[in-house]
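Accompanying notes for the structure given below.
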């Protein structure tokens, strides 16, 4: 059986700011942009991974969420502890230099981790943590 990741969802509270970050700062491509009522879903992805999509969705898009759940998600996003993404890079330091020069919110400068990667981290405009790992060795 062949199981592969198709797409994943990441909550954002301002799609224009998210597009600027994911397209203009990270270099991902916009693959789709769909609106429905007052909601919007923007699909982005790496040109190097055409079969993996990241869908930037409104934090209240899940119809099964209660008002309390929506409030909790908004609170977690405001604290910067709701969503996380990890990307591979072949040069952590160069990736860090490029993204930090663009004004991104730095969470962690490049560091060698005990689990075998060199990594760094930023927050996107919605507060999601975005990490970049480079295999060591």
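The values are calculated or read from the model by the stated rules, or taken from the named source; none is laboratory data. All values reported here derive from a predicted model rather than from experimental measurement. Backbone-built Cβ (ideal geometry, glycine too); neighbour counts: all protein chains shown.
What's the number of the condition residue 71 fails, among (1) under 18 Å from residue 132 (Cα atoms); (2) in a helix (DSSP H, G or I)?
Just one mismatch for residue 71, condition (1).
With at pLDDT below 95 and touching a helix residue (DSSP H, G or I) at 6+ places or on another chain (Cβ under 9 Å) as the only criterion, which of 83, 103 stands out?
83
Within region 1-18, can you find the residues that are loosely packed, with under 15 Cβ neighbours inside 10 Å, part of a loop (DSSP other than H, G, I, E, B) and touching a residue at least 40 places away in the same chain (Cβ under 8 Å)?
Across region 1-18, the qualifying residues are 4, 5, 6, 14.
Can you tell me which residues in region 21-35 are under 12 Å from the mean Cα position of the chain (by Cα) and part of a helix (DSSP H, G or I)?
21, 22, 23, 25
Residue by residue, here is whether (1) surrounded by 12 or more Cβ atoms within 10 Å (Cβ to Cβ); (2) modelled with pLDDT of 95 or more; (3) over 29 Å from residue 136 (Cβ atoms) holds:
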| position | (1), (2), (3) |
| --- | --- |
| 20 | yes, yes, yes |
| 25 | yes, yes, no |
| 46 | yes, yes, no |
| 55 | yes, yes, yes |
| 58 | yes, no, yes |
| 68 | no, no, yes |
| 89 | yes, yes, no |
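Among 51, 75, which is the only one that is surrounded by fewer than 12 Cβ atoms within 10 Å (Cβ to Cβ), touching a residue at least 40 places away in the same chain (Cβ under 8 Å) and over 16 Å from the mean Cα position of the chain (by Cα)?
51
I'm trying to understand the selection: among the residues of region 36-60, which are within 17 Å of residue 16 (Cβ to Cβ) and outside any strand (DSSP E or B)?
Correct list: 38, 58, 59.
Out of (1) under 30 Å from residue 62 (Cβ atoms); (2) assigned to a loop (DSSP other than H, G, I, E, B), what's the single condition that is false for residue 108?
Of (1) under 30 Å from residue 62 (Cβ atoms); (2) assigned to a loop (DSSP other than H, G, I, E, B), only one is false for residue 108: (2).
Does region 91-109 hold any residues that are buried (at least 18 other Cβ atoms within 10 Å of the Cβ) and over 27 Å from residue 73 (Cβ atoms), and which are they?
92, 95, 96
For the list (1) in contact with a helix residue (DSSP H, G or I) (Cβ under 8 Å, 6 or more places away or on another chain); (2) surrounded by 14 or more Cβ atoms within 10 Å (Cβ to Cβ); (3) within 30 Å of residue 118 (Cα to Cα); (4) at pLDDT 95 or above, I need the number of the one condition that residue 30 fails.
(2)
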